[in-house]
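Okay, so here's the structure we're looking at.
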Amino acid sequence: MKKILFLDMDGVLADFNGGLGDNLSNMFKTGFFRNLPVLEEGLNETIQQLQNQGFLVKILSKAPTKKSHKNFVNQMVDKANWVKEFIPCIDELDIIIQATDESKGEVLKYYPQDECYLVDDYTPNLATWAFAGGKCIKLAKRIKNTREFKQILSLSELAQEGI
């Protein structure tokens with residue numbers, strides 16, 4: 001049994017809100033995801049630390065369009081290129097980009113024997129993951145006692161404290 005850590009991209013690895021500004025339509029432009037700032041300094045080293053702790057680390061991100069939309073492929077390529085630049089320790093085959101209408105929990109059917117965790121900042125993604133049998137970690141802006149998931153304030157915190 002492998003321990004697999006799936007990381008959301010927007011809001012966990014990349015500063016989606018900082019890149020978005022005040023215009024929601026920006027996220028549909030080619031190059032938007034490719035040019036997002038890194039959310040946390042030392043990101044590649046933090047991921048390597050998690051890998052050294054025995055985790056297979058994968059990226060599990062969503063594009064804000066359906067697969068049939070003309071921008072889906074561009075968004076997928078932008079996200080993959082962002083990961084290649086800022087987290088080169090992640091293998092290309094470990095980058096999963098879904099369409100907006102797909103559930104992150106669906107991914108678990110490909111890993112039935114493994115212990116799978118999802119780090120995400122969006123609670124509905126964590127809920128579908130938990131419903132499908134995965135373990136959840138909420139990247140939060142602040143810790144709240146009312147949340148049902150483990151909470152962290154940064155990936156470096158997770159790498160230091162463990163799961």
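General observations
- Leu118, sole failed condition from (1) part of a helix (DSSP H, G or I); (2) in contact with a strand residue (DSSP E or B) (Cβ under 6 Å, 6 or more places away or on another chain); (3) not polar (S, T, N, Q): (1)
- Test for Lys144: is it without any contact (Cβ under 8 Å) to a residue 40 or more places away in the chain and closer than 23 Å to Leu43 by Cβ: no
- Of residues in segment 121-163 being among the acidic types (Asp, Glu) and part of a loop (DSSP other than H, G, I, E, B), the one surrounded by the fewest Cβ atoms within 10 Å (Cβ to Cβ): Glu148
- Residue match in segment 38-50 (condition: of a type in the set (Gly, Ala, Ser), surrounded by fewer than 17 Cβ atoms within 10 Å (Cβ to Cβ) and under 14 Å from Gln160 (Cα atoms)): yes
- Checked against the criterion of being in contact with a Gly (Cβ under 8 Å, 6 or more places away or on another chain), at pLDDT 95 or above, surrounded by 15 or more Cβ atoms within 10 Å (Cβ to Cβ) and within 26 Å of Glu161 (Cβ to Cβ), segment 77-90 has no qualifying residue.
- Taking the conditions (1) in contact (Cβ under 8 Å) with a residue 60 or more places away in the chain; (2) closer than 18 Å to Ile4 by Cα in turn, Tyr122 satisfies each one other than (2).
- Tabulated pairs, segment 94-118, first closer than 21 Å to Lys150 by Cβ, second buried (at least 17 other Cβ atoms within 10 Å of the Cβ) and among the small types (Gly, Ala, Ser), C-beta under 8 angstrom, 6+ apart or interchain: Gly105/Gly134; Leu108/Gly134; Cys116/Gly134; Tyr117/Gly134; Leu118/Gly134
- Residues located in segment 13-26, provided they are out of contact with any helix residue (DSSP H, G or I) (no Cβ under 6 Å at 6 or more places or on another chain) and under 20 Å from Val77 (Cβ atoms): Leu13, Ala14, Asp15, Phe16, Gly19, Ser25
- Among the residues of segment 109-163, the one identified as of a type in the set (Ser, Thr, Tyr), modelled with pLDDT under 95 and more than 17 Å from the chain's Cα centre (by Cα) is Thr146.
- Across segment 12-34, the qualifying residues are those that are without any contact (Cβ under 8 Å) to a residue 24 or more places away in the chain and either in contact with a Lys or Arg (Cβ under 6 Å, 6 or more places away or on another chain) or part of a helix (DSSP H, G or I) (or both), and the one among them that is surrounded by the most Cβ atoms within 10 Å (Cβ to Cβ) is Phe16.
- Of all residues in segment 96-108 being loosely packed, with under 14 Cβ neighbours inside 10 Å and under 19 Å from Lys58 (Cα atoms), the one that is modelled with the lowest pLDDT: Thr100
- Verdict on Lys62 being surrounded by 15 or more Cβ atoms within 10 Å (Cβ to Cβ), among the charged types (D, E, K, R) and out of contact with any Cys (no Cβ under 8 Å at 6 or more places or on another chain): yes
The values are calculated or read from the model by the stated rules, or taken from the named source; none is laboratory data. Please read all numbers here as calculations on a predicted model, not as lab measurements. Heads up, the Cβs are rebuilt from the backbone with ideal geometry, glycines too, and the neighbour counts pull from every protein chain shown.
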